[in-house]
Amino acid sequence: MCELLGMNANTPTDVCFSFTGLATRADEHKDGFGIAFFEDRGLRLFVDHHGARVSPVAQLVKGYPIRSDNVIAHIRKATQGRVALENTHPFVRELWGRYWVFAHNGDLKGFVPRLHGAFRPVGDTDSEQAFCWLMQELAKAHAGVPSIDELTVTLRELMPELHTHGTFNMLLSNGQALWAHASTKLQWLQRCHPFRRATLADEDVSVDFAAHTQPTDRVIVVATEPLTEGEDWTPMDPGEMRVFVDGARAG
């Protein structure tokens, strides 16, 4: 399987610390990595079919403090689809004049939806096919540009169809919110005032967040497995979906 990392904040924040922790796990998840940073309506996307432990692109991301309020990252352990750039998460599509970014951890069996021309997979993964189907169904469900609440209702209606075909842990964002759905493993935490020191679970690296934040800052981090020790990670239940906006739970 793969591992996911998502970040949602109320002010542009860098994710170097959390991404360093995720990349440490790429010895096992070595079939590619990717990370997407939203900046208003713009998007920075870095992907490589080489693992994050050896990729020069990953080294760049670790040392490049890009500030964003929504980030999705993924390290791949291939189950469907060959190891190739077009099969590397996260995937990106446009809908309603915004970029949408998606990453998936799991394995879907027998999911072969009918897709029209607007949303078609480029690679051959079950993940990208599921993303295209989600985008297609969202577009069909809303005649105009929907609110975050309306999108959340529709996504909650769509998730069971994917959940029945296998493991479907996913992160999705349009730059305004971060949606997370758990099938087996997904955890989240909120960092807010008073900020504390955190230490990565897999590497001897610590950050005193109090020295780098303001009292009004709020940050949500979502990961397959807890990335740090001594912080209050909350596991999501199977079939649970949450939406995060401005560094807080919105549903």
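Scan the strands (runs of 3 or more DSSP E) fully inside the stretch 22-133 and keep the ones with 1 or more residues being in contact (Cβ under 8 Å) with a residue 12 or more places away in the chain and under 25 Å from Glu229 (Cβ atoms).
Of the strands (runs of 3 or more DSSP E) lying wholly inside the stretch 22-133, those with at least 1 residues that are in contact (Cβ under 8 Å) with a residue 12 or more places away in the chain and under 25 Å from Glu229 (Cβ atoms) span 33-39, 68-75, 98-108.
Would you be able to say whether some residue in the stretch 186-206 is closer than 30 Å to Pro113 by Cβ, exposed (fewer than 13 other Cβ atoms within 10 Å of the Cβ) and in contact (Cβ under 8 Å) with a residue 24 or more places away in the chain?
no
Report, by residue number, each residue of the stretch 217-237 that is modelled with pLDDT under 95 and loosely packed, with under 14 Cβ neighbours inside 10 Å.
Matches in the stretch 217-237: Glu229, Gly230, Asp232.
Please work out if Thr167 is closer than 30 Å to Phe111 by Cβ and assigned to a strand (DSSP E or B).
Criteria met by Thr167.
Does the stretch 239-246 contain at least one residue that is out of contact with any Cys (no Cβ under 9 Å at 6 or more places or on another chain) and of a type in the set (Lys, Arg)?
Checking the stretch 239-246: at least one residue is out of contact with any Cys (no Cβ under 9 Å at 6 or more places or on another chain) and of a type in the set (Lys, Arg).
The conditions are (1) charged (D, E, K, R); (2) crowded, with 17+ Cβ neighbours inside 10 Å; (3) under 18 Å from Asn10 (Cβ atoms), and Arg249 fails exactly one of them. Which is it?
Among (1) charged (D, E, K, R); (2) crowded, with 17+ Cβ neighbours inside 10 Å; (3) under 18 Å from Asn10 (Cβ atoms), the lone unmet condition for Arg249 is (2).
The values are calculated or read from the model by the stated rules, or taken from the named source; none is laboratory data. Being a predicted model, the structure only gives us computed values, none of them experimental. All Cβ positions, glycine included, derive from the backbone under ideal geometry; neighbour counts span all protein chains shown.
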